[in-house]
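What follows is one structure encoded as structure tokens, with my remarks underneath.
Please treat every number below as a calculation from the coordinates, not as lab data. Since the model is a prediction, treat every value here as computed from it, not as a measurement. For neighbour counting, all protein chains shown are included, and Cβ atoms are generated from backbone atoms with ideal geometry for every residue, glycine included.
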Amino acid sequence: MARKTVLVCDNCGKEVDEAKGAVMRVTYTDARRGAKQADLCDDCAGKTPGRAVARRGRKPKSATAA
Ligand SMILES: [Zn+2]
């Protein structure tokens, strides 16, 4: 467990501190295309498109109906 992996931002190439950064995961609607993910530093993570997603809890009823 002592092995330390150095995380590098896939966008800018900067080293990402252990307690920082983010993983951006893209899942294609077409399942055959699979998914891809990128490790991002805090800076780049903030620049990506997207919106905040609730971590847990139930989906609102309006979302379930759609
Ligand atoms: Zn970066």
Scan segment 17-50 for residues that are surrounded by 15 or more Cβ atoms within 10 Å (Cβ to Cβ) and in contact with a helix residue (DSSP H, G or I) (Cβ under 8 Å, 6 or more places away or on another chain) and report the count. 3
Is one or more of the residues making up segment 18-31 more than 11 Å from the ligand (Cβ to nearest atom), in a helix (DSSP H, G or I) and on the phi < 0 side of the Ramachandran plot? yes
